[in-house]
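For reference, the structure is listed below as structure tokens.
Just so it is clear, none of the values below were taken in a lab; they were calculated from the coordinates. Note that this is a predicted model, so its numbers are computed, not measured. In this analysis, Cβ positions are derived from the backbone assuming ideal geometry, glycine residues included, and neighbour counts consider all displayed protein chains.
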Amino acid sequence: MTSKAAAGRAGRRRRRGRTSDVLGICGVVTVGLLLIMAVFAPWLAPYDPSERVGRPFQPPGREHLLGTNDVGQDLLSEMIYGSRVSLVVGIAAAAAALLIGTAVGVLAGYYPRRLGAFLMRGVDVVLILPFLPLLIVLAAYLGRSLLNTTLVIGALIWAGPARIIRSQVLSLRSREYVLAARSMGAPDRWTIFRHVVPRTALLATGSFVRAVAGAILLEASLSFLGLGDPIQKSWGSVLFWAQARGAFLTPAWKWWVLPPGLLIMAASLGFALIAFSLEERINPRL
Amino acid sequence: MKGLIDLRRLGQYAAAAAAAVTLNFLLPRLMPGNPLVLIAGVDVGLLTPEQRAEIIARVGLDAPLWQQYLRYWADIFTGDFGYSFRASRPIVDMIRDRLPWTLLITGLSLAISAVAGVILGAVSAWRRGSKTDLGMLSGMIALEALPPFWLGMLFISIVSVQWGLLPSFGAVTPASGLVGWEHIEDILRHAVLPVATLSILSVPGVYLTMRYSMLETLGEDYIRTARAKGAGEGRVLFGHVARNAISPVITVLAIRLGFAFGGTVIIETVFSYPGLGRLVFEAVSGRDYPVMQAAFLVFTVAVLAANLAADLLYPLVDPRARTS
């Protein structure tokens, strides 16, 4: 191996590392801005998004920067308040998924024989069923509310994290300190909470952030299909109404269709970038 | 020596199918509300008491739960998915009308995304760490964050409405009377935008798998051997690396099919495309629960069949899987 090639490779690796850091920072900034928007929505939004404050179907103007929708609500205010639904549902659903995923993953990894085999069969079944149709069927039966949307998404996206955490626990289980703790008669529960769970935290953080990115898209998809909370409008529900009123067939698409989609994408991408940069640190080979 | 197909995998598919059927059976019966409405759809409210009594007897709603469950399975095995009171048609007929359109657009988009994903993934891994690789990787991560329905709506706004290039809804021009080649062209023109949207959504999954698999393969000894014996770059890339790296993509494609089917619910809704996905949307908005359930079962069976096909194909493509 020539030194030039080695230097070139080291340079590439550095560039890669730098790139993933830059992407991670972009993600943090995007998510941070959206969080600020969600928290300070009442101060930032010019109008109450549920009030009819203008003529319907108004194009952007001085009074309504993004125009108005079919019943005369201010679209900019809907965008700002929509961030709340998106982020709350995304983060809560991912947290629920992580809770289930960690529980299943740790149990399946720590007791790999019967309990583990049984749990992993369940994981396989969840992973193989057609995901979105199942989500829609569940959401349609449960009814439209923020809590139901969150629960349904959380109940379906835990299987991926469970698998990742299980493989980590499987390898932790045979480490010396775990074996030492067990051979000295430590009860399983103590070993699990003292030695196993803390060491899955890094991996779990990565899957949590990735799950948020996915959950935000799923919430938007459900709302777009008319299965979102009818009172708390999200970006997805704004697009549902834009679709129902044919906004994308008129010039209104530029202020009614474009902004909510860009915001959904920014939110999901922000979390995905953070996840990517985290995973790069945990496993730099990929 | 392993059999033609892994029995454990087969058991897994059977379990998944049973889970889907059981879920379908339990959901309407456990949810709060009138079980008759949840089983037969909201339109049963329009029926006469006699008709309602007939449905209750047919589904066996007055029998114990386990008897209802057995009857439910028997109905499915005889291909009886029930009756849609909203559409006034047997559900099997509705599915038969819709399924071909969905298979057309998912099949085309799966093929396109497979080819594009494999090529891009191979190139990206081959030049790992380069600007091309990082550019593509970032692009694919961005694509994964794209809301599918939004992409479809933008396509309609820009390509169909502003440029007037392609039709914005439906699968054929209504009452056009086109025959032969012109009819096929009409169908294809209607399919372009839905297929493009679905393909763009499926590419990142294939790309990431191919890229990762390529990176794994690049570290193998036989690649070093091939290089050492003086094989050209192109020969190493296509003859040695890509060829060995491609097999995981098959498994991923089967999984992608599940996502693509889910995607059709959204894409067909945006493009008013008369497939099974649009049927799910119509059933959900019309609270026509039995239709929604039947469509979910068909999607499940299709996904399981695709996985089975991938299991059978895998050893053909990758001889290493035959001996282990």
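Extension gain, A:TRP190 to A:LEU202: 0.36 nm times the residue separation minus the Cα-Cα distance gives 2.3 nm.
Measuring r between the beta carbons of A:LEU65 and A:ILE25 and using R0 = 25 Å, the FRET efficiency lands at 0.30.
Across peptide A:245-255, the average count of Cβ atoms from other chains found within 10 Å of a residue's Cβ is 3.
Helical runs (DSSP H, four residues minimum) scored at -39500 (n - 2.57) apiece and divided by the length of chain A put the mean residue ellipticity at 222 nm at -24000 deg cm²/dmol. Against the main long axis of the alpha-carbon atoms of chain A, helix A:197-224 sits at an angle near 30°.
Loop-located GluC sites (Glu not before Pro) in region B:177-220 (DSSP state not H, G, I, E or B) with no more than 16 neighbouring Cβ atoms inside 10 Å: B:GLU220. Model label sites at B:ARG58 and B:VAL301, defined 7 Å from Cα along the beta-carbon direction, differ in position by 1.9 nm.
For the segment B:257-268, counting C-beta atoms of other chains within 10 Å of every residue's C-beta and taking the mean gives 4. With contacts taken as Cα pairs under 8 Å at a separation of at least 6 residues, region B:196-324 carries a relative contact order of 23 percent.
Centre-to-centre separation between the Cα atoms of region A:124-180 and those of region B:157-175: 40 Å.
With a Förster radius of 41 Å applied to the beta-carbon distance between B:THR48 and B:ILE184, the computed FRET efficiency rounds to 0.30. Sites listed here are trypsin sites (Lys or Arg not before Pro) in region A:207-286 whose DSSP assignment is loop and whose Cβ has at most 13 other Cβ atoms within 10 Å: A:ARG285. Averaging Cα coordinates gives a centre for region B:112-132 and one for region A:32-48; these two points are 40 Å apart.
Cα centroids of region A:241-286 and region B:207-244: how far apart, whole angstrom? Value for the Cα centre distance between the two parts: 35 Å. Relative to the dominant Cα principal axis of chain B, helix B:91-126 is inclined by about 20°. Across region B:23-80, Cα pairs under 8 Å and at least six residues apart give a relative contact order of 21 percent. Could you work out the relative contact order of chain A, using alpha carbon pairs under 8 angstrom and six or more residues apart, expressed as a whole percent? RCO, chain A: 25 percent. Full extension of the chain between B:ASP221 and B:ILE76 yields a length gain of 47.0 nm, computed as 0.36 nm times the residue separation minus the alpha carbon distance. Annotation: extensible slack from A:LEU33 through A:ILE282 equals 87.0 nm (criterion: 0.36 nm per residue apart, minus Cα-Cα distance).
Between the beta carbons of A:VAL88 and A:LEU262, assuming R0 = 25 Å, the FRET efficiency works out to 0.80 to the nearest 0.05. Taking amide H positions as modeled 1.01 Å from N, with prolines and chain starts lacking one, the residues under 5 Å from B:ARG89 and 5 or more places away or on another chain are B:SER84. Axis angle, to the nearest 10 degrees, between helix B:289-317 and the longest C-alpha principal axis of chain B: 30 degrees. Counting Cβ atoms of other protein chains within 10 Å of each Cβ in A:186-197 and taking the mean gives 0.
Shape of the protein assembly as shown from its Cα gyration tensor (a ≥ b ≥ c, root eigenvalues): rounded if a/c is under 1.5, otherwise prolate when a/b > b/c, or oblate? Rounded. Around the Cα centre of the protein assembly as shown, unit charges on the Cβ atoms of Lys, Arg, Asp and Glu (plus for the first two, minus for the last two) sum to a dipole of about 2860 debye.
Loop-located GluC sites (Glu not before Pro) across region A:50-127 with a Cβ neighbour count of 15 or fewer within 10 Å are A:GLU51, A:GLU63, with loop assigned by DSSP.
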